[in-house]
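The values are calculated or read from the model by the stated rules, or taken from the named source; none is laboratory data. Everything quoted here is computed from the prediction, not taken from an experiment. Here the Cβ positions follow ideal geometry from the backbone for every residue, glycine too, while neighbour counts run over all protein chains shown. For accessibility, only protein heavy atoms count, side chains too; no ligands or nucleic acids. Shrake-Rupley method; radii C 1.70, N 1.55, O 1.52, S 1.80 Å.
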Amino acid sequence: MNALVRLEQSSDAAAIDHVLKSAFPTDQEALLVDRLRRHQRLRLSLVAEVNGVMVGHIAFSEVTIAGSVASSTGLGLAPLAVVPELQRRGLGAQLVGEGLCACERLGVGFVVVLGAPEYYHRFGFRRADLFGLENEYGASEAFMALELKTGSITPGLIRYPSEFSSLATAL
């Protein structure tokens, strides 16, 4: 299944909220995206449409490496959502692929994700600890990184925007 993937528009907020609430067991991800949007922390937000209906969403927000003096820009991929009735049909992969291409066009140095390794490895993500990266959530194999620009990752602790702290307590 192929979808039209495009940048989020201001009129998309309610439809994105619906996608997120249908794809996850709680409203936490929808609340997170709303907070990130309100505080202008969404660096990249893409939606997927099939026959004019929004069916997927992917968000990227800026992350920092604590203590790093490097100027490389990194983004955290979260959340990724596809409505349940269309999951496992390639829409999530299309969103990730197009999202990573957009990150490259924006000049992003690296992307991190906390997710299922068997899913994200196919896009080139590897365990973040192989790059010397740590996270605040105690995740090991599920915390992964993809270097888009060689040498853009310096070892250290990845810090997500403060809006993620409420989601972390729900994990």
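Specify the residue that is nearest to Tyr119 (Cα to Cα); the eligible residues are those in segment 131-146 that are of a type outside the set (S, T, N, Q) and open to solvent by 60 Å² or more (accessible area, probe 1.4 Å). Show your work before the answer.
Step one: filter segment 131-146 for residues of a type outside the set (S, T, N, Q), giving 131-134, 136-139, 141-146.
Okay, now just the ones that are also open to solvent by 60 Å² or more (accessible area, probe 1.4 Å), so 134, 136-138, 141.
Values: Glu134: 20, Glu136: 22, Tyr137: 20, Gly138: 20, Glu141: 12 Å.
The qualifying residue nearest to Tyr119 (Cα to Cα) is Glu141.
What's the total number of residues in segment 8-40 that are touching a residue at least 60 places away in the same chain (Cβ under 8 Å) and either closer than 21 Å to Tyr160 by Cβ or aliphatic (A, V, I, L, M) (or both)?
11
Just one of (1) at pLDDT 95 or above; (2) of a type outside the set (Lys, Arg); (3) open to solvent by less than 40 Å² (accessible area, probe 1.4 Å); (4) closer than 30 Å to Val50 by Cβ trips up Glu163, so point out which.
If we test Glu163 against (1) at pLDDT 95 or above; (2) of a type outside the set (Lys, Arg); (3) open to solvent by less than 40 Å² (accessible area, probe 1.4 Å); (4) closer than 30 Å to Val50 by Cβ, just (1) comes out false.
Are any of the residues in segment 54-77 over 21 Å from Leu157 (Cα atoms) and without any contact (Cβ under 8 Å) to a residue 12 or more places away in the chain?
no
So which residues in segment 32-49 are within 14 Å of the chain's Cα centre (by Cα) and either assigned to a strand (DSSP E or B) or more than 17 Å from Ser61 (Cβ to Cβ) (or both), if there are any at all?
Selection gives Leu42, Arg43, Leu44, Ser45, Leu46, Val47.
Taking segment 150-168, which residues are farther than 25 Å from Phe24 by Cβ and in contact with a strand residue (DSSP E or B) (Cβ under 7 Å, 6 or more places away or on another chain)? Spell out how you get there, then give the answer.
Restricting attention to segment 150-168, the residues satisfying the condition of being farther than 25 Å from Phe24 by Cβ are 150-157.
Correct list: Ser152, Ile153, Thr154, Pro155, Gly156, Leu157.
Of everything in segment 1-31, what is among the charged types (D, E, K, R) and in a helix (DSSP H, G or I)? Give them in sequence order. Spell out the reasoning first.
So in segment 1-31, the residues among the charged types (D, E, K, R) come out as 6, 8, 12, 17, 21, 27, 29.
Scanning segment 1-31 gives Asp12, Asp17, Lys21, Glu29.
So which of Ala93, Ala78 is assigned to a strand (DSSP E or B), among the aliphatic types (A, V, I, L, M), out of contact with any strand residue (DSSP E or B) (no Cβ under 6 Å at 6 or more places or on another chain) and open to solvent by 10 Å² or more (accessible area, probe 1.4 Å)?
Working: Ala93 fails: assigned to a strand (DSSP E or B).
Unique residue meeting the criteria: Ala78.
When you check Phe60 against the structure, is it of a type in the set (Phe, Trp, Tyr), modelled with pLDDT under 95, within 19 Å of Leu32 (Cβ to Cβ) and open to solvent by less than 30 Å² (accessible area, probe 1.4 Å), yes or no? Please lay out each step first, then the result.
Values: of a type in the set (Phe, Trp, Tyr): yes; modelled with pLDDT under 95: no; within 19 Å of Leu32 (Cβ to Cβ): yes; open to solvent by less than 30 Å² (accessible area, probe 1.4 Å): yes.
Taking the combined requirement at face value, the residue does not satisfy it.
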